[in-house]
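The values are calculated or read from the model by the stated rules, or taken from the named source; none is laboratory data. Keep in mind that this is a model prediction, so the values were computed, not measured. In this analysis, Cβ positions are derived from the backbone assuming ideal geometry, glycine residues included, and neighbour counts consider all displayed protein chains.
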Amino acid sequence: MKAQSARFRYALIVVLAILLFFTIFPLYFMLVSSLKTNFELQTNFFGFPGDPQFEYYSEAFAKVKTYLLNSTYISGTAAIGAVFVSCLSAYVYARFRFPFKNLLFGINLAFLMIPGVLMLVPQFVLVTKLGLMNSPWAAILPYIASGQLVITFVLRTFFEEIPKELFESMRIDGSGEVRMFFQLCVPFALPIILSMALLNILNSWNDFIWPLLVLPDQKHMTLTVGLFRFMDQQQILYGKMFAGMTLGTIPLMILFGFTMKYFVQGMTSGAIKA
Amino acid sequence: MRLGLIRKNGLVYMCLLPGFFFIGLFLVYPAWEAFRMSFLDWNMRNYLHPEYVGFANYVQVLGDPVFRKSFAVLLVFVMWALVIFQGASIIGAYLIYLLGNGRIGAIAKAAFTVPMVVPGMVITLFWLFFYEPNYGMLNHILSSIGLESWTMVWLGQNQASAIGSILMKGFPWISGMGFLIYLAGFQAIDESVKEAAVMDGASRWKLFTKVDFPMILPQLRLTTILVLVGGIQQFSDQMIMTKGGPGYDTTVPGLFMYNNAFSYGQLGIGSAIGVILFLIIMLLTFLNMRFMREQS
């Protein structure tokens, strides 16, 4: 292909730099404002803090700590549960022929398409009747239920791509199904399993309406709802609010810092398959 | 042999059991309940003794001017998401694709990917502060450049300012799943096809419209239906930023459902709204599938 002219390339970089500036700006602003008093926020709006208020972080952490632990527990457990359940289902769908297979997989597919808005009110009634209000399981169980649908769907296609001969040769070597699953399927599909788990964590971490409904208690609140409540107070100390937001951003940054490669790969290859 | 088959199938069904336990209890049963509850007069006063009222909830909801108006509001938000959000991610992805696979391209891709993992609530709270009338950034900027008279309560002044403010949230709307999907689509383009077009002297615009853009149509179809289905159900931005106001000016159907069910305790009416939205979404999904089949 014809080499791009240097001028075109510079223009490209400048446009992208401007777009990136606006994309990153909220994060910059959050960081610098998290160290300012309300007064300094007014007098020195965009600059670095002149008199950084580090105690905002310790004060915010005292509140956010509980939310962070709750969110980590809920998102982590839900992701592990959804992946576990999906692996079992996907393996069976990919490997065996059995009566009602298409019907059962069809139910899975159907609920992938049925919008959650239909079930919001009855799910709330159900969770209340089960006595799960203000229990982390009120969030975890429905997250597993809806999260597993797409993972089962994607993993099935991945497991089906494994050459039949590999299963055959393992069987001749005397391996059972459990061993085939762990020594053949899991290593083969590990990147996609990991990226599905990450996507699941991202979704449940960001969910707002459901935890707002079923985990209203301060002690059980998730991060998203907890941060929202910061805004509700009468006298807002904006610095403290921004410090809480910064603290709430860190865990996913760390998690995805190590795993972004898998996540991006899995997202894009999964999308092409679907 | 037959016994072996049954035993083997027994194991198969055991493996499917956990999945269907969750599907049954948390999806099938609530879906069924949604329809049943939509025919009940069920609120906080008669919580223990809901009463069957036939289609009364549907009649009441469909006749409610707030509910009708909420669809006009929804149309604005969904159209914006379909055109502007998708357009922005396509343009962003294409510009990075044009940078090539070198160091700068990789850095740009990473830089736009990072904000994806910032919790959505953090971004929303930033924008809430952006529009905040007393301390907020937008009014501050306006005052400091001498446009004091332009300052206003952005999220509450009138319908145009409230809707416009929510729509502008997240500018420049690049960082997201769509961006990654389109970028992967562009990067999968066979360069030899393009070389021929370049030899023929095709302009950059022509290259984009005739060669590159058609290559991401499959991705665009997928994201379009996802954006559409997601957009119809979405109401947390409106709930957080304007609570549906001023008046009902930013109330979308999802928020109307939430308020009926959880603020006014009208579980029957809430369910009926859920069923109506479900029917609309399924109709659109079905039409989209028909359309895609005809295309291919």
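Filter the stretch B:255-279 for residues that are in contact (Cβ under 8 Å) with a residue 40 or more places away in the chain, within 9 Å of chain A (Cβ to nearest Cβ) and either surrounded by fewer than 19 Cβ atoms within 10 Å (Cβ to Cβ) or within 19 Å of the chain's Cα centre (by Cα) (or both) and give the result.
Correct list: B:I273, B:G274, B:V275, B:L277, B:F278.
Would you check if B:S89 is of a type in the set (G, A, S), within 14 Å of another protein chain (Cβ to nearest Cβ), farther than 20 Å from B:F171 by Cα and assigned to a helix (DSSP H, G or I)?
The answer is no for B:S89.
Looking at (1) closer than 19 Å to B:D64 by Cα; (2) within 10 Å of chain A (Cβ to nearest Cβ); (3) among the hydroxyl-bearing types (S, T, Y); (4) surrounded by fewer than 23 Cβ atoms within 10 Å (Cβ to Cβ), which is the only condition B:Y248 fails?
(2)
Inside the stretch B:53-72, can you point out the residues that are closer than 24 Å to B:L267 by Cβ and among the aliphatic types (A, V, I, L, M)?
B:V53, B:A56, B:V59, B:V61, B:L62, B:V66 - these are the residues of the stretch B:53-72 that are closer than 24 Å to B:L267 by Cβ and among the aliphatic types (A, V, I, L, M).
Any chance the stretch A:15-35 includes a residue that's in a loop (DSSP other than H, G, I, E, B) and farther than 26 Å from A:P211 by Cβ?
yes
Of (1) aliphatic (A, V, I, L, M); (2) touching a Pro at 6+ places or on another chain (Cβ under 9 Å); (3) exposed (fewer than 13 other Cβ atoms within 10 Å of the Cβ), B:V193 satisfies all except one. Which?
Looking at each condition in turn, B:V193 falls short on (2).
So which helices (runs of 4 or more DSSP H) stay within the stretch A:41-150 end to end and still have 3 or more residues that are assigned by TED's automatic domain parsing to the domain that holds A:M170, modelled with pLDDT under 95 and among the charged types (D, E, K, R)?
Hits in the stretch A:41-150: A:55-95.
Would it be correct to say that B:R221 is of a type in the set (D, E, K, R) and not assigned by TED's automatic domain parsing to the domain that holds B:Y97?
For B:R221, the condition - of a type in the set (D, E, K, R) and not assigned by TED's automatic domain parsing to the domain that holds B:Y97 - is not met.
What tally of residues in the stretch B:12-27 results from selecting those that are surrounded by fewer than 17 Cβ atoms within 10 Å (Cβ to Cβ), within 8 Å of chain A (Cβ to nearest Cβ) and at pLDDT below 95?
Within the stretch B:12-27, residues that are surrounded by fewer than 17 Cβ atoms within 10 Å (Cβ to Cβ), within 8 Å of chain A (Cβ to nearest Cβ) and at pLDDT below 95 number 1.
Could you count how many residues in the stretch B:110-140 are more than 30 Å from A:I201 (Cα to Cα) and within 8 Å of chain A (Cβ to nearest Cβ)?
Summing the residues that are more than 30 Å from A:I201 (Cα to Cα) and within 8 Å of chain A (Cβ to nearest Cβ) in the stretch B:110-140 gives 3.
Going residue by residue through the stretch B:175-184, is there one that turns out to be under 30 Å from B:T151 (Cα atoms) and in contact (Cβ under 8 Å) with a residue 24 or more places away in the chain?
Looking through the stretch B:175-184, at least one residue is under 30 Å from B:T151 (Cα atoms) and in contact (Cβ under 8 Å) with a residue 24 or more places away in the chain.
Within the bounds of the stretch B:156-163, is there any residue that is without any contact (Cβ under 8 Å) to a residue 60 or more places away in the chain and not in a helix (DSSP H, G or I)?
Within the stretch B:156-163, not a single residue is without any contact (Cβ under 8 Å) to a residue 60 or more places away in the chain and not in a helix (DSSP H, G or I).
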